[in-house]
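Worksheet for the structure shown next.
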Amino acid sequence: MKKMISLFLLLCFCNMNVFAADADTQKQRTYIKKYVEYARSYIQRNGLVNSVQAFNNSKRDATQKALYIFGFVCGTPKMDGFSLINPGIPSRIYADVSNEPVIQALIKASLEHPDGVWVRYNWLNPVTKKVQHKESYMLYLPEVHLCIGSGFYS
């Protein structure tokens, strides 16, 4: 009987940790979604040029644990994937560690779900230097041909 109670308590404890992890992930998603939506409203209020300068001049970058916004030209085939907003890493086309075209996948998902979409992919975490799953919330801003997002490692 003691073994049954111990097993029951252990299972309850383990399940509480799973629910806690799920709750933390949901909190991260909620926060990041609001952050990206704020970035959209900032761009709409301040214009593309001023916003790109502000986001790129922020002290946040991928090597810090702070959130940052990234953005790519999208909806214009000759320029798709050109990085306009990406602190510290200017480049046109990115691929993940398995050479999958991540940026193109982010753009495609954004164009298919212009009201917002979560995308999961593998990316090298600049803090841990390990390949990890990353989840990013993406929005398409058709008026400025821009896909913006932010994410977290899971």
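Just so it is clear, none of the values below were taken in a lab; they were calculated from the coordinates. Bear in mind the structure is a predicted one, so any value in this text is a computation, not a measurement. Positions of Cβ are backbone-derived with ideal geometry, glycine not excepted, and every protein chain shown enters the neighbour counts.
So, R0 is 30 Å and r is the distance between the beta-carbons of Lys129 and Ala54; what FRET efficiency does that work out to, to 0.05? Given R0 = 30 Å and the Cβ-Cβ separation, E is 0.55. For a Förster distance of 25 Å, can you work out the FRET efficiency between the beta-carbons of Trp118 and Tyr38, rounded to the nearest 0.05? The calculated FRET efficiency here is 0.90.
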